[in-house]
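Input: a single structure, listed below in structure tokens.
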Amino acid sequence: MQRRDFIKIAAPLATVFPALLCGLNVKAYSALPFMGGWTGEGAADNDHVLVLIQLFGGNDGLNTVIPIDKYGAYQNLRSNIAIPQSSILTLGPNDKSGLHPAMTGLRALYNNDQLAVIQGVTYPSPDESHFRATDIYLTGSDSTQYLNTGWVGRFLGQTYTNFPNGYPNATMPDPLAIQIGSVLSPTFMSTGGFTAMAVPEDVDFYSLINGITGPEPNTPMGTELTYLRTVARQTNKYATVVEAASAKVTQQYSGYPANNDLATQLKTVARLVAGGLKTKVYMVNMSGFDTHGAQVQGGDTTSGNHAVLLGQVSDAIAAFMKDLKFLGVDKRVLGMTFSEFGRRIVSNGSLGTDHGAGQPVFVFGDAANTGILGNTPDMPATLDVEAVVPLQYDFRSVYSTILRDWFCVPASDVDTMLLNNYQYLPFIKGTACNNTIDDLNNIGDSVIINYPNPFSDSTNITYTTQGGHTLVQVFDVAGHLITVLVDQVYIGTGTYSVTFNTTYLASGIYYARFQNGSVQQVKTMLKVTQ
Amino acid sequence: MSDASVSVENKMRAWPGSTSGLQPYTGTWDTPQVVHLLKRTTFGASVADINYFKGLSMSASVDALLTPTAVPVTQPLNNYGADATGVAPYQTWIGQGLLYQDKNLNASRVASMQCWWIGQMLGSGRSIHEKMTLFWHNHFAVDATAHYSDTPAQLWYNQYLTIRANALGNFQAMVKAITLDPAMLIFLNGNTNVSTSPNENYGRELQELYTEGKGVNSLYTQDDVHNAARVLTGHTVDVNYNYSFLPGNHDFGDKAFSAYYSNHIVTGYAGAAGAGEVDDMLGMLLGTQECAKFICRELYNFFVYYVDDDTVETNIITPLANVFRQSGYDITTVLSTLFKSQHFYDMVYAGACIIKSPLDFLIGLCREYAVAMPDVSNPAGQYSAWNMILQQSISQQQEILAIPVVAGWYAYYESPAYHELWINSVTYPGRNYYTDLLMSTGDMMNGTPLVIDPIAFAKSLPNPSDPVQLVSDSLNVLISPPVSASSQELLMRTILLSNLTNNAYWTQAWLAYIANPSDMTNYSTVFNRLQAFYKYLMDLPEYQLS
């Protein structure tokens, strides 16, 4: 008889093992030791956790973070859905924007120094397809680049080398990432396969919500399915640790809102974090943001579908933060919301908005550097219906900043993980990784200007750099990159000019975007025919 | 159903799923029934085959599937390189040298034969023929890899042809052909079974494993084993590995069998006539009701389910055994009766209960997804593709021509777990790993890829632009247990639609791809989602059932 060997196989985490978590009813509670600021060498050496909240459908950013400084223009361009100025939740006394009235929870976080808002997040030449734009955000690709790994997958795959071979181990006994739900996000794909495990959203009622898992009837099929599921469960190397972590937490903050799916998901995240998992990234999500019609209720723009959605997001996050504090793990968690795109500036005739580009991103947590980064977009009185909120910050700058300033990844590694070098932004407190964060408070409003404006054939663009890498790009109203006028490194501070020749361009609005270190500014320019 | 009966059934480890018998099935003939028949009788159920058989009646479909296919036109080729007998690469080694002393070359040829056999299963078309060949290979289990030094590879090739030629024919003719098969004569020592010192090995397995079995009513005796060995003395192989009967080595005395065989006496003959005693003995062996039942139980285990309780014994095994005997042991007749029965189709919904064997899993997924294979003009590529599947089947514990014990693969006889033995904490993730691999980068050997094209599969479905239909049509082909509407909705929403609430987004994306398939955004949008969708389905425990 020939001897036969079992080949050694690295079990894929990709597999969703339904019925993974049992209903839990356990007594012991153990608080975790807390680690404060950290100076380690990367994400594996600290206890920081990132919670990604994906809003499916493309959130209307202009009705989420509402312009106050340009309220008249805002009201003019979307009169049928504009939120009344008196209803806007104001933030700091000097802030140029406020929040949708349903987002009282987020305003409380802002007032409590726990919320950063990043304006105009998108990328050059944005895609208005839900699918493609989703893939771009999850993989971290350019608009013309097709990646088969996700940005989180690359981060985790490079942090925990050789994963999944040799994992779990003493250093990392837990899933690297957890997806709440049944289906893993492509963002977790690494070159070695998925880096995440799917966990049902409500661990107390696993049998209600565990994806495709159907009952096991009293038939031969049911008998064999039970057997297969048992093996599948035993094969999941992480089932036990996740269950154990969940079981450690017997009491959570009681104020989670009812009938709020996002809140249910975040409650599970809080429980797993407090239960002691070393898992670095969690992903939760919420649907329904594709508000082409009936975004607001006619006659009362502060109510309607969008108001309900934003209220749920805000309430869920607020409760989550209270729970994290209750559980004593609030210092360990940073959260971020994002959508596949923002929506158009001009509303449509159906009390809604169509697919756009730039969106506000919320970053919350004790480490969030409270404030609004970037400006409200310029909104000229007459604006093409195709006009999108222009690029201020590349979405990968948000990722790079989180990697460097929250997970404490060395900048050179961040470049490898994100496949390029992106601007770092000051939305995380320097204490998180003991990094020096740029102060953008005294930059001034006019680091980039153009003259003449309006212009016909050409205009001179003048910009002031603090030295280092400096970029001047020009975009059209749909966000397409028209040209790059400046892309160079300056030694020291200086003010320079460049001529933008527009003889080949149609008349209309263009945006000149200046980027230097953590600084960016967008200048609206108008080309007219003579 | 009363509460009492529920609780009784819950205590049973497995419920037979149907109390119906062999009466002809007259119910619905639609996709679920066709898929059930195809998954059980062939390897997987491809969309094209499902459509084809939906166009026939149930009875005509079974008849078509039971029609023998032509003898393979190709022969195993040299895919191993240097050959001391002068066979050039990708020329056949059949008929080229006996290789008694070249163990390594013989091992290479056996491996070539294994690859080629995989190719036969992949190309088995709309016929049960290759699956029945595999069934009988398990029944007459052999391990060529333990016999590199004494059994030339060609003998295994000849044995494959012998089994194949008889697979749908007469059972007695097949048992005789196997009894006198040179590879089997060597494998179970018949070649050294002589009157002066009988070797009982084959005489025992002939009764225990090939005809009577070890059921409670199989009451043959040790004397019967001895007498069977005496009948078989003198049957051997010559120096050229051809079958030969040597009357001088034959025990020409009479052989008196036990009461189990009705005290039958096989009259002994001297000289060449002694060879004919085999027919007398096989007639006696197959004359028992137990023999027919034993084979019917094996067929039931292989094609329906492994539980053989009193209900199955009464409703299926006994009447099926009667059909088998009355037909003179015609294999096609017994299969036809089973596959046209109410009982078989009762298992459509209750009985997606066969855990796919590794070969069913691997060959089935290649056929279901119509995985692209190199054709005969590229033999190196063909053998690489076949070899990848062979290697996977080996790590999944079902190596063809290398069955670990003479009783067959454990999953077909080891009570009480049976088919569940295919699945353990190594092989289960191994299966998921391999489907994930084939659905992503693909497997690769010597530059030949083995990869699933999820878009091509979706395209073969009736209406892939409708995400609801795409999901349900995909499940019909790939997943045998029923999947609830809410689970189908969840799969569609979270994967195909990236959680968007409007189904039209998928339709738009699909139509944009069809209109301009070379556009990278169009392509990646549908590819990414279909890839994730099918990967997910194949990672489900349900995918392992047929």
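The values are calculated or read from the model by the stated rules, or taken from the named source; none is laboratory data. All figures in this text were calculated on a predicted structure; none of them were measured in a lab. Neighbour counts are summed over all protein chains in view; Cβ atoms, including those assigned to glycine, are modelled from backbone coordinates with ideal geometry.
Numerical summary
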item: Some residue of segment B:98-108 being among the hydrophobic types (A, V, I, L, M, F, W, C) and not in a loop (DSSP other than H, G, I, E, B); result: yes
item: Filtered residues of segment A:115-148 (kept if over 27 Å from A:Gln473 (Cβ atoms) and within 12 Å of chain B (Cβ to nearest Cβ)); result: A:Asn148
item: Answer residue from segment B:15-63, given it is outside any loop (DSSP other than H, G, I, E, B) and either of a type in the set (D, E, K, R) or not assigned by TED's automatic domain parsing to the domain that holds B:Leu338 (or both) and is nearest to the chain's Cα centre (by Cα) among those; result: B:Arg40
item: Looking only at segment B:410-434, and only at residues there that are over 27 Å from B:Met113 (Cβ atoms) and polar (S, T, N, Q), the one that is farthest from the other protein chains (Cβ to nearest Cβ); result: B:Ser415
item: Conditions (1) touching a residue at least 24 places away in the same chain (Cβ under 8 Å); (2) surrounded by fewer than 22 Cβ atoms within 10 Å (Cβ to Cβ); (3) more than 9 Å from chain A (Cβ to nearest Cβ); number of the one not met by B:Met388; result: (2)
item: B:Leu134 assigned to a helix (DSSP H, G or I), among the aliphatic types (A, V, I, L, M), at pLDDT 95 or above and within 18 Å of B:Tyr243 (Cα to Cα); result: no
item: Breaking point among (1) without any contact (Cβ under 8 Å) to a residue 12 or more places away in the chain; (2) surrounded by 21 or more Cβ atoms within 10 Å (Cβ to Cβ), for B:Phe171; result: (1)
item: Residue list for segment B:393-409, restricted to those being within 11 Å of chain A (Cβ to nearest Cβ), in contact (Cβ under 8 Å) with a residue 60 or more places away in the chain and among the β-branched types (Val, Ile, Thr); result: B:Ile403, B:Val405, B:Val406
item: Scope segment A:91-126; condition touching a helix residue (DSSP H, G or I) at 6+ places or on another chain (Cβ under 8 Å) and modelled with pLDDT under 95; matching residues; result: A:Leu91, A:Gly92
item: Residue within segment A:43-55 that is part of a loop (DSSP other than H, G, I, E, B), of a type outside the set (Val, Ile, Thr) and within 16 Å of A:Asp378 (Cα to Cα) present; result: no
item: Selected residue (only one of A:Gly349, A:Gly430, A:Gly371 is small (Gly, Ala, Ser), at pLDDT below 95 and over 23 Å from A:Ala116 (Cβ atoms)); result: A:Gly349
item: Qualifying residue in segment B:232-246 (condition: among the small types (Gly, Ala, Ser), closer than 30 Å to B:Ala350 by Cα and assigned by TED's automatic domain parsing to the domain that holds B:Lys176); result: no
item: Residue ID - farthest from the other protein chains (Cβ to nearest Cβ), chosen from residues in segment B:503-546 that are buried (at least 18 other Cβ atoms within 10 Å of the Cβ) and outside any helix (DSSP H, G or I); result: B:Ser546
item: Test: residue in segment A:309-327 that is among the polar types (S, T, N, Q), farther than 15 Å from A:Val49 by Cα and surrounded by fewer than 22 Cβ atoms within 10 Å (Cβ to Cβ); result: yes
item: Qualifying residue in segment B:357-379 (condition: assigned to a loop (DSSP other than H, G, I, E, B), within 14 Å of another protein chain (Cβ to nearest Cβ), within 19 Å of the chain's Cα centre (by Cα) and buried (at least 24 other Cβ atoms within 10 Å of the Cβ)); result: yes
item: Hits in segment A:167-184 - residues which are within 17 Å of B:Leu496 (Cβ to Cβ) and in contact with a helix residue (DSSP H, G or I) (Cβ under 6 Å, 6 or more places away or on another chain); result: A:Val183
item: Filter result for A:Thr436 (in contact with a helix residue (DSSP H, G or I) (Cβ under 8 Å, 6 or more places away or on another chain), surrounded by fewer than 18 Cβ atoms within 10 Å (Cβ to Cβ) and more than 22 Å from A:Thr159 (Cβ to Cβ)); result: yes
item: Tally, over segment A:169-202, of residues that are assigned to a loop (DSSP other than H, G, I, E, B) and within 14 Å of another protein chain (Cβ to nearest Cβ); result: 10
item: Search result, residues across segment A:249-273 that are charged (D, E, K, R) and under 21 Å from the mean Cα position of the chain (by Cα); result: A:Asp261, A:Lys267
item: Failed item in (1) hydroxyl-bearing (Ser, Thr, Tyr); (2) in a loop (DSSP other than H, G, I, E, B); (3) within 30 Å of B:Gln33 (Cα to Cα), with B:Tyr90 passing the rest; result: (3)
item: Within segment A:462-510, tally of residues that are free of Cβ contacts under 8 Å to residues at least 24 places away in the same chain and crowded, with 16+ Cβ neighbours inside 10 Å; result: 1
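Table: residues versus (1) basic (Lys, Arg); (2) free of Cβ contacts under 8 Å to residues at least 60 places away in the same chain; (3) closer than 21 Å to A:Pro215 by Cβ; (4) part of a helix (DSSP H, G or I).
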position	(1), (2), (3), (4)
B:Tyr433	no, yes, no, yes
B:Ile452	no, no, no, no
B:Val477	no, no, no, yes
B:Pro482	no, no, yes, no
B:Leu491	no, yes, yes, yes
